[in-house]
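Shown next, in structure tokens, is the structure this report addresses.
The values are calculated or read from the model by the stated rules, or taken from the named source; none is laboratory data. Because the structure is predicted, anything quoted here is derived from the model rather than measured. Cβ sites come from the backbone with ideal geometry, for glycine too, and all protein chains shown count toward neighbours. Quick note on the areas: whole protein, heavy atoms, side chains included, nothing else; ligands and nucleic acids left out. Shrake-Rupley method; radii C 1.70, N 1.55, O 1.52, S 1.80 Å.
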Amino acid sequence: MANSLVLKLSDEVSNALESNLPIVALESTIISHGLPRPRNLEMAIEFEQAVRAAGAIPATIAMIDGVARVGMSSAEIERIATDDSVVKVSNRDLGMLAATKGNGACTVASTAHIAALAGIEVFATGGLGGVHRGARDTWDESADLPAIAATPVTVVCAGVKSILDVPATLERLETYSIPVVAVGTKDFPGFYLSKSGYKIDWQVNSPAEVAQIMRARQELKLSGGMIVANPVAAEEQLDPDLHDKLLEEGLRAANAKGIRGKDVTPFLLDFFHRESNGESLEVNVKVVLSNARFAAGIASSLKNG
Ligand code: PSU
Ligand code: MN
């Protein structure tokens with residue numbers, strides 16, 4: 001993929017693409033808006049290290065000075081983690097941000113789009129966006145869903161964030177014809193929790209199986225991406241009672257404060273992290289690290305298989 005005025009691949013990512021090495025894309029909204037400072041910067045570096053340790057090249061994706069960057073230096077990652085001018089950017093914002101030379105952290109939707117543009121097939125995150133509770137009134141459904149439906153990228157996540165309406169999200173994923181598989185189970189995971197309480201139809205047991213599914217889908221000319229839901233281990237999940245309590249309180253607080261639209265997800269994640277005294281943060285971090293490793297396994301299988 002050629003660099004342009006609005007797209008720049010790091011030398012490492014360019015070389016990896018040329019040499020056909022495994023690459024894993026990483027999003028940046030989780031860095032700027034999903035995790036508290038200063039932990040967010042440490043984690044951004046650790047997410048990249050986890051991909052490397054599992055044998056793939058990491059490519060963190062963000063907009064810097066109006067350029068979509070695929071693979072960034074530590075100084076650039078630090079900017080995303082600490083600069084207050086960094087906004088949360090979905091697909092529809094990319095053009096305006098490029099034209100105004102702004103700084104933005106990419107959501108799952110825009111990371112998937114830019115990754116695919118660069119020729120990267122696998123992407124790791126924490127929890128996917130989806131249909132919000134109360135969507136019947138607010139119509140709040142994350143752009144992550146239509147973006148994955150339209151983008152040939154496999155997204156490894158721990159399910160959709162448990163702050164969302166999980167069954168409604170699963171229905172919408174079916175409508176969008178987005179395949180959903182879970183690792184080692186047919187229980188759809190619940191982000192902070194290993195089980196959401198909802199079942200899905202398909203289980204995979206290895207990264208190689210996912211690579212096989214991806215190749216089969218390509219042969220069958222099925223467009224768009226797929227979701228690999230990788231549950232947090234039961235002994236590492238957030239205490240389910242604490243989870244339910246914080247969720248109820250968090251939703252009430254968001255409502256009372258009139259939090260709307262793209263601010264809802266960062267508000268609730270921050271509420272969880274504060275009110276659980278960092279316990280949910282630890283789970284969030286473990287989830288992303290584990291997804292980064294599994295994604296690296298898929299990327300490697302795609303190259304070796
Ligand atoms: N997963 C996390 N933390 C996050 C997010 C996901 O563990 O901060 C971000 C992702 O960037 C996702 C976004 O795309 O939240 C969804 O936001 P919304 O619900 O407004 O679409
Ligand atoms: Mn929304």
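At-a-glance table
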read-out: Search result, residues across segment 58-102 that are surrounded by fewer than 21 Cβ atoms within 10 Å (Cβ to Cβ), more than 16 Å from ligand 2 (Cβ to nearest atom) and closer than 24 Å to S223 by Cβ; value: L94, G95
read-out: Any hit, segment 247-258, residues being touching a residue at least 24 places away in the same chain (Cβ under 8 Å) and closer than 19 Å to T107 by Cα; value: no
read-out: The lone exception for G258 - which of (1) of a type in the set (G, A, S); (2) farther than 26 Å from V87 by Cα; (3) loosely packed, with under 15 Cβ neighbours inside 10 Å it fails; value: (2)
read-out: All positions within segment 103-155 that are of a type in the set (A, V, I, L, M, F, W, C) and within 11 Å of ligand 2 (Cβ to nearest atom); value: A109, V131, A135, W139, A143, L145
read-out: Total residues in segment 162-183, condition touching a Lys or Arg at 6+ places or on another chain (Cβ under 8 Å), open to solvent by 30 Å² or more (accessible area, probe 1.4 Å) and of a type outside the set (D, E); value: 1
read-out: Residue in segment 42-51 that is without any contact (Cβ under 8 Å) to a residue 24 or more places away in the chain and over 23 Å from P266 (Cα atoms) present; value: yes
read-out: Candidate set: segment 23-43, residues that are assigned to a loop (DSSP other than H, G, I, E, B) and surrounded by fewer than 18 Cβ atoms within 10 Å (Cβ to Cβ); chosen: the one nearest to the chain's Cα centre (by Cα); value: P36
